[in-house]
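Asker: Before we start, here is the structure in question, set down as structure tokens.
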């Protein structure tokens, strides 16, 4: 945030930089597998995460003032556990999760800044239906004989309450149809974002995500596999993560109690991960232990700075970006190696 403002990253430059970041991230992660992705639609496995990430970046700029929080929100959506879960399905399937944030843009930005009115609320409510309509139409098209048919998702691909474990231990859920979450450091940032969201209480923002979450645990509706509806709450979770990062970059004394709560949560999750790691010595729990405890150290540092009234933007920016970036890159590489 502070660094963003000093550099004066405008909307157009910010978009270009974000596109470059996601394109470079995709190249770094998928280039070792380039030989197996040169045929058919398989290149979409690398393109879809970058497109979805850029969509969340643009969407989140509606609420996030800084380039860095928005860029991290996009990164953790497109290259997070949920986005990479689609590597296990037909390459075309990933178009749906990549398109969802883009389809939320009209409802988010239409008549932005205008006075609230019944007409404006009605139109924006209608525009919120765009991702739902697109997903239904997408699955309908590829069920037709003239389009293949293409089996986008196996019929038995369903979610259960057990999948919610992925929010805190995503690497342990690779056997599940899709993996929820924003990695480990991201989960703690999302918790901070949740505290901020609850304080502002913008109900309309959460409605599409809530509807998507409910549909994700229903039986298929209109032949759409319910797993795909999870994209809507994952967009919301990613933006919460960006909101948490933004808050941590600017946190002052009044925010210190929330920062401390996140610190305690990180310490507990790190301890649990460490206990699970010791018997098996597996990366499944080593990475969570490392990054939960690392992010706990970051949060502790932010808490201390906030208590003594020191901003230190550059220090906060550096340690937060370093931990979140390393967590995302190593987690992404680990998941890709097992799913592609």
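Asker: Report yes if some residue within region 149-165 is outside any helix (DSSP H, G or I), within 23 Å of residue 238 (Cβ to Cβ) and at pLDDT 90 or above; otherwise report no.
Answerer: no
Asker: Taking the stated definitions as given, is residue 273 within 22 Å of residue 80 (Cα to Cα), more than 21 Å from the chain's Cα centre (by Cα) and either surrounded by fewer than 17 Cβ atoms within 10 Å (Cβ to Cβ) or without any contact (Cβ under 8 Å) to a residue 60 or more places away in the chain (or both)?
Answerer: Against the criterion (within 22 Å of residue 80 (Cα to Cα), more than 21 Å from the chain's Cα centre (by Cα) and either surrounded by fewer than 17 Cβ atoms within 10 Å (Cβ to Cβ) or without any contact (Cβ under 8 Å) to a residue 60 or more places away in the chain (or both)), residue 273 does not qualify.
Asker: Can you name the residue in region 121-148 that is assigned to a loop (DSSP other than H, G, I, E, B) and touching a residue at least 12 places away in the same chain (Cβ under 8 Å) and is also nearest to residue 91 (Cα to Cα) among such residues?
Answerer: 142
Asker: Same structure, new question: Taking residue 82, is it in contact (Cβ under 8 Å) with a residue 12 or more places away in the chain, over 24 Å from residue 202 (Cα atoms), over 20 Å from the mean Cα position of the chain (by Cα) and assigned to a helix (DSSP H, G or I)?
Answerer: no
Asker: I've got another one for you. Only one of these is farther than 18 Å from residue 56 by Cβ and modelled with pLDDT of 90 or more: 229, 250. Name it.
Answerer: 250
Asker: Which condition number does residue 322 fail, the rest of (1) more than 24 Å from the chain's Cα centre (by Cα); (2) free of Cβ contacts under 8 Å to residues at least 60 places away in the same chain; (3) farther than 23 Å from residue 197 by Cα being met?
Answerer: (1)
Asker: Just checking, how many residues over region 104-120 are more than 28 Å from the chain's Cα centre (by Cα) and part of a loop (DSSP other than H, G, I, E, B)?
Answerer: 4
Every residue, every condition in (1) surrounded by fewer than 20 Cβ atoms within 10 Å (Cβ to Cβ); (2) over 20 Å from the mean Cα position of the chain (by Cα), yes or no:
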| position | (1), (2) |
| --- | --- |
| 283 | yes, yes |
| 287 | no, no |
| 301 | yes, yes |
| 331 | no, no |
| 334 | yes, no |
| 340 | yes, no |
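Asker: Identify, by number, the condition in (1) closer than 28 Å to residue 32 by Cα; (2) buried (at least 21 other Cβ atoms within 10 Å of the Cβ) that residue 67 doesn't meet.
Answerer: (1)
Asker: Related question: So which of 100, 121 is more than 20 Å from residue 330 (Cβ to Cβ) and either in contact with a strand residue (DSSP E or B) (Cβ under 9 Å, 6 or more places away or on another chain) or at pLDDT 95 or above (or both)?
Answerer: Matching residue, one of 100, 121: 100.
Asker: Hey, another quick one. Of the numbered conditions (1) free of Cβ contacts under 8 Å to residues at least 40 places away in the same chain; (2) assigned to a helix (DSSP H, G or I), residue 230 satisfies every one except a single condition; which is it?
Answerer: The one condition residue 230 does not meet is (1).
The values are calculated or read from the model by the stated rules, or taken from the named source; none is laboratory data. The model shown is predicted, which means the values in this text are computed figures rather than measured ones. Heads up, the Cβs are rebuilt from the backbone with ideal geometry, glycines too, and the neighbour counts pull from every protein chain shown.
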